[in-house]
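The values are calculated or read from the model by the stated rules, or taken from the named source; none is laboratory data. Keep in mind it's a predicted model, so treat the numbers as computed, not measured. So basically every Cβ, Gly included, is an ideal-geometry build from the backbone, and we count neighbours across all protein chains shown.
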Protein chains: 2
Amino acid sequence: MSTTLTGGDAAPTAVFAALADDTRWRILTRLGEAPASASALARELPVSRQAIVKHLEVLRGAGLVEAHTVGRELVHRALGGRLSDVARDLDRIAAAWDRRLADIKRLAEGGEV
Amino acid sequence: MSTTLTGGDAAPTAVFAALADDTRWRILTRLGEAPASASALARELPVSRQAIVKHLEVLRGAGLVEAHTVGRELVHRALGGRLSDVARDLDRIAAAWDRRLADIKRLAEGGEV
DNA sequence: GCCAACTGCAAGTCTGGGGTTGCATTTGGA
DNA sequence: TCCAAATGCAACCCCAGACTTGCAGTTGGC
């Protein structure tokens, strides 16, 4: 019905899982600065190319990264769209919690006078 | 200099890791609806109390949950603050990526005419 | 045409952490 | 007072996934 996490109670943990690894986060933010291939990233980061490839697959699966070929290279770049979707949803959820909390407090105070 | 993740390049993966587990997410959203103790949650969710206790520790460590004693119960409740912080930061990062992307495209098109 | 460089596939290792069970301890409240 | 119910601690199991090494296949570009 919806791909956003507020659409239902679908767990958005997949996206979070993609963001939860340090190496993956480094790769992602690095791609945010400028697109790069797996081999190029492997030269910059202290992990093997294969490890990076796997991370890129996860990131692509989460919709956080997009790939296109340039010459014989497979260049990846970071996509902001999914991330801002998640941000918006998180913000809504947080607001709902705090609102509910405030309601409870108000109710408790008002009702006990 | 800053506790937010945009402040530096500090990896915010700790918070994401806290959100990345399904069971933990269920616990967190459940607490968002109404505060509850570990034992109460254990009765509602298909996991042992001990598992829930560990999850609550993680959530508390990430600043997503707060606890206070009521009678002999230790009641936990979800806090929106940290979550909206993360949301704001993610949104900024996403915007920066897209902006950079747009710049590159514009530059490429303009330069190749 | 050829080679250097990039990608893809396949095992295989090993640590983290999610989950459980069991028991000890405390304490609220009828 | 006394018990049911809540918390805390500890040892243990088990698997997902992060990382590596090694090799085979493809292809761009001089």
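Residues of region B:69-111 that are under 21 Å from A:Ala95 (Cα atoms) and part of a strand (DSSP E or B): B:Val75, B:His76, B:Arg77, B:Ala78. Of all the residues in region A:60-81, those that are crowded, with 17+ Cβ neighbours inside 10 Å and at the interface with another protein chain (Cβ under 8 Å from one of its Cβ atoms) number 4. Pairing residues of region B:45-60 that are outside any helix (DSSP H, G or I) with residues that are of a type in the set (A, V, I, L, M, F, W, C) and within 6 Å of DNA strand C (Cβ to nearest atom), at Cβ distances under 9 Å and at least 6 apart in sequence or on separate chains, gives B:Leu45/B:Ala51.
No other residue among A:Ser84, A:Ser48 is surrounded by 17 or more Cβ atoms within 10 Å (Cβ to Cβ) and of a type in the set (Ser, Thr, Tyr) apart from A:Ser84.
Each residue in region B:11-25 was checked for being touching a Leu at 6+ places or on another chain (Cβ under 7 Å), facing chain A (nearest Cβ under 7 Å) and either among the basic types (Lys, Arg) or under 15 Å from B:Ala51 (Cα atoms) (or both), and 1 of them qualify. Given the structure, is B:Arg77 within 16 Å of DNA strand D (Cβ to nearest atom) and under 30 Å from A:Ser84 (Cα atoms)? Spelling it out, B:Arg77 is indeed within 16 Å of DNA strand D (Cβ to nearest atom) and under 30 Å from A:Ser84 (Cα atoms).
Being of a type outside the set (Val, Ile, Thr), at pLDDT below 95 and surrounded by 21 or more Cβ atoms within 10 Å (Cβ to Cβ) holds for only one residue in A:Leu5, A:Leu41, and it is A:Leu5. Quick one: is A:Ala96 within 24 Å of B:Ala18 (Cβ to Cβ) and within 9 Å of chain B (Cβ to nearest Cβ)? Spelling it out, A:Ala96 is indeed within 24 Å of B:Ala18 (Cβ to Cβ) and within 9 Å of chain B (Cβ to nearest Cβ). Counting just the residues of region B:43-67 that are charged (D, E, K, R) and within 13 Å of DNA strand D (Cβ to nearest atom), which one comes out farthest from the chain's Cα centre (by Cα)? Applying the filter and picking the extreme gives B:Arg43.
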